[in-house]
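Structure first, then comments.
No lab work stands behind these numbers, since they all come straight from the coordinates. Remember, predicted model here, so these are calculated numbers, not experimental data. When we count neighbours, we look across all protein chains shown, and the Cβ atoms used for this are built from the backbone with ideal geometry, even at glycine.
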Amino acid sequence: MSEFFPVVPNGHALFSMLLTAVALYLFTRKKIPLEISSLALLVFLALSFALFPFELGGEHFEAIAFFEGFGHEALITVCALMVVGQGLVQTGALEPIGRVLTKAWTRAPFISFLITLVVSAILSAFINNTPIVVLLLPILISVCLRTKSPASRVLMPMGFATLVGGMGTTIGTSTNLLVVSVARDMGLPQIGMFDFALPAAIASGVAILYLWLIAPRMLGDRQVGLGDSSPRLFTAFLHIEEDSTVAGKTLAEAKAMASDGIHVVRIRRGDHFISPLPDALLQEGDRIRVMDTSVKIRAAAEALKATLYSGDHEVDDEHPLNAENQTLAEIAVVAGSRLDRTNLRYTSFLERHQLVVLGLHRAGKDIWKQSEEIMDVTLEQGDVMLVQGNKDEIRKLKKDTEFLVLDSSVEVPSTEKAFVALFTMLAVVATAATGILPIAVSSLTGAMIMLATKCLRLGGAIRAVSSSVYFVVVASLALGQALTVTGASGYLTDVFLFFTQDAAPVVVLSALMLLMAILTNVVSNNAAAVIGTPIGIGIAQQLGVDPQPFILAVLFGSNLSFATPMSYKTNLLVMSAGGYSFNDFLKVGIPLTVIMWLSYTFILGELYL
């Protein structure tokens, strides 16, 4: 081991490390979409190597090689598994599990909580944890309300259990797939689906005991949801009389004349209805159904010189405005939703669901600025909308897999395609685990079967693929390749070994895992994994030991996304549903991270070193 600090090998290596640091910084900027920052980094990396060529082994390194990530086996597998998982959700294939857990909770909540943690962890070893969280959130909220126990004591432990279980197989998370694929690309033997299931199971057992017995005591009671902080909306009818100023004008002109605009639900003319299109001409005798605040409805009636009715009665002291079976609900945007990375206006949310959005929250904070229209706010997975509408419309939304209704009732979608979807998922896992098919082939075949059997429509399959994960994976693979070919990863390995020199291999392994755990809670876990894998392999080679435990140290460390709500998308869903604060995640997540870090250090040391 050199006593002197390692010297940077070349300018391209230094540039690659600086660009990696920039990437890690950009990945923490919430105001910059991950898709934009990832694509910009990829373009800048390729452009720089094209303008300033790099010689590798006497041959010119082609900058276009950085685009190989778009066809990488790991990326194909990740996207295909997202589609297969969405097919399970869309068909309600997980419904039986939800119903069994619901019955168990009503009889023995304490033991049922443990069973829920174990089941969610096992499912997450094979399925993306987002649909599992979406399935269990309303169930746990429901049973907690029925038993008059605080939901905040169980929602976060359940969410963390899905992250813990995802470490058990190569397909548990996209991070696992990336680590295994990068290691194989570097010439190491292929790691099988269940090759690290034993250390994962032991550490997960310790973590689940903590989540079952200790974590709930650390979480105080929290109010679930946004609360009713917005003015309630009312339904009313504007009757166009003979002397009305809008007779013969278009609906757009009428809305412009109304004070501050107004929301029109539909127009009734005689015995039929007219679509509320902007160019619809209004006539004497038309009844315009509107839904808005009391102040805006009264102002519109006065401006348009229309008679205001509530139901069959003219609005007066004896017949005030009424909400006509209107109710408030809180709805979270989940994976596969049309609203992910778009807005309410573009998706015609109001027209499709007849629900008016009163408020928007992201990670417990209001994201709707008064200077912009609520319909134009770009939404993301985990955002929660406070909506108002007819109870029947809310009930329909509970069966829509694009959203998660956060209330006390449980309605899990179920279709005749559920068995097909479940069998397809089992076939994907079985053929990959036994080596009959490579995981990329089996998962892509499974996605095709989901589409061919109409378990999932093409639009749902496209939305199931997270664009942020897609571009982050491609950019991370390119950065990892740049670090490797320029010798930067070797340099970083030397720097790491310089600071850990004379330490036992298990201590070096533990330090590497801790570094990954810190990194994954600050930046993308996929980026941490791709950057960390070559370093872990290099450390093992210089120490002259088996590289597999160091690969697993990177894999496990990159999955310890517990300390912040932003470190994983399901953390944001749980945060909104449970009313948690940032400090709640620190309070429960940091001890869990330490517990799993120490557990994996001991287990990997005993089993491999």
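The charge dipole of the chain, taken about its Cα centre with unit charges on the Cβ atoms of Lys, Arg (+1), Asp and Glu (-1) only, comes to about 1180 debye.
Ordered by the number of other Cβ atoms lying within 10 Å of each residue's own Cβ, fewest first, 353, 272, 263 fall into the sequence 272, 263, 353.
Taking the convex hull of the alpha carbon positions in the chain and averaging its projected area over all directions gives 31.5 nm².
Per residue, the chain reaches -17000 deg cm²/dmol at 222 nm when only DSSP H runs of four or more residues are counted, each adding -39500 (n - 2.57).
Partners of residue 398 within straight-line reach, counting lysines whose Cα lies under 27 Å from its Cα and excluding those fewer than 8 residues away in the same chain: 103, 148, 365, 417, 454, 569. Full extension of the chain between residue 114 and residue 504 gives 136.7 nm of extra length, using 0.36 nm per residue less the Cα-Cα distance.
Residue ranges 57-64, 120-127, 585-592 sort as 120-127, 585-592, 57-64 when ordered by packing (mean number of other C-beta atoms within 10 Å per residue, highest first).
In this calculation the C-beta distance from residue 50 to residue 202 is compared with R0 = 60 Å, giving a FRET efficiency of 0.80. Bridging of residue 255 to lysines at a Cα separation below 20 Å is possible for 296, 305, once same-chain residues fewer than 8 apart are set aside.
Enter the angle in degrees (range 0 to 90, nearest 10) between the Cα long axis of helix 197-213 and the first principal axis of the Cα atoms of the chain, meaning the one along which they spread out most. The helix 197-213 is inclined about 50 degrees to the chain. Can you give the FRET efficiency to the nearest 0.05 for residue 345 and residue 5, using r as the Cβ-Cβ distance and R₀ = 60 Å? Result of the calculation: an efficiency of 0.60.
A convex hull fitted to the Cα coordinates of region 115-214 yields 84 cubic angstrom per residue. Net charge of the neighbourhood of residue 282, taken over other residues with C-beta under 15 Å away and scored Lys/Arg +1, Asp/Glu -1, is +1. With each label modelled as a point 7 angstrom along the Cα→C-beta vector, the residue 29-residue 302 pair spans 4.8 nm.
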